[in-house]
1. What net charge is computed for the residues neighbouring Phe144, neighbours being all others with C-beta under 10 Å from the C-beta of Phe144, Lys and Arg scored +1, Asp and Glu -1?
2. So what's the net charge close to Leu66: Lys and Arg +1, Asp and Glu -1, counting the other residues with Cβ under 13 Å from its Cβ?
3. At q = 0.20 Å⁻¹, what log₁₀ I(q)/I(0) does a Debye calculation on the Cα points of segment 134-253 give, no solvent, two decimals?
4. Kindly identify segment 23-100 as rounded, prolate or oblate by the Cα gyration tensor criterion: order the square roots of the eigenvalues as a ≥ b ≥ c, call it rounded if a/c is under 1.5, otherwise compare a/b with b/c, prolate if a/b is larger, else oblate.
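Taken together, the values in this text are just the output of simple stated rules run on the coordinates, not laboratory data. This one's a predicted model, so the numbers in the text were calculated from it and none came from an experiment. All Cβ positions, even for glycine, are placed from backbone atoms using ideal geometry, and neighbour counts span all protein chains on display.
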Amino acid sequence: MQSVLGSLVLGYRPLWGAARSLAGVQLYVREAAAVGVDAPHLLRTVQEMWSASSPPLLISPLSRQLLSDLLEHAPRGSPWILVPGQWLGDSALFAQVQAAHQRGLRLVWRGPLGRLPEPEVARCFDNSLLSLQPEEAMAALQAFDVPIILLAGGRDKHLPWSELAALVWRKVRHLVLFGEAADLIEREMRRSPSAAGGGCRIHRCASLEQAVAQASRLTGTGEVVLLSPGGTSYDAYPDFAARGDHFRHLVRSLELP
């Protein structure tokens, strides 16, 4: 659905979380004509219309100039702002992203999971929206038809885990937990109605390093080891990219037969 407000074209889509609960609203913003947009006025208008009880708002500018204006003028406490990863090759825009991050703006990186940003870039973005969430972990589990050893953990993001727990009992042979969320995940697993007939064994580790070593001992021929944490990396790493880099290093360091 679109509507025209002054010099802007606006569009939106709901952002769904686990169990199809509304996690936020993404607001697309584009200039309606070749005239500049008053970014401060746009931000004030949005915040006046968006009550404290409304779901989180993610502003998605559809032009570099509008993104640049928002990064320059948005004060701390503004709605989330989406930054397309492919635009960060512009050094001036990246400098604005760094400055906005230092002011405390909540920024969201957008791009393919197979091409995550370098650590220097990742530090400018909120990790909790970039790491795999429970519903994304479910999609990863459903992609395999072979036995799975799942590594899960990190810092909890206060998201529902019940659906993921049911799927893990059906699809996963070994669940290796690590990090601050380990207690929560195991509790949800034990509470799941699927626990009675599930064939998954739960293991606890103090760190990702121990979890990778445990997974290596548990894995049989033709089985898959999947790192799908479901939580942020802030309990042990500066950002999600650092956790991913450490995981790759640990896997490459294994002495495999």
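1. -1
2. Working: positive: Arg30, Arg64; negative: Glu31, Asp38, Asp69, Glu72.
Charge balance near Leu66 sits at -2.
3. Result of the Debye calculation: -1.12.
4. Values: a/c = 1.70, a/b = 1.41, b/c = 1.21.
Prolate is the answer for segment 23-100, as a/c is 1.5 or above and a/b outweighs b/c.
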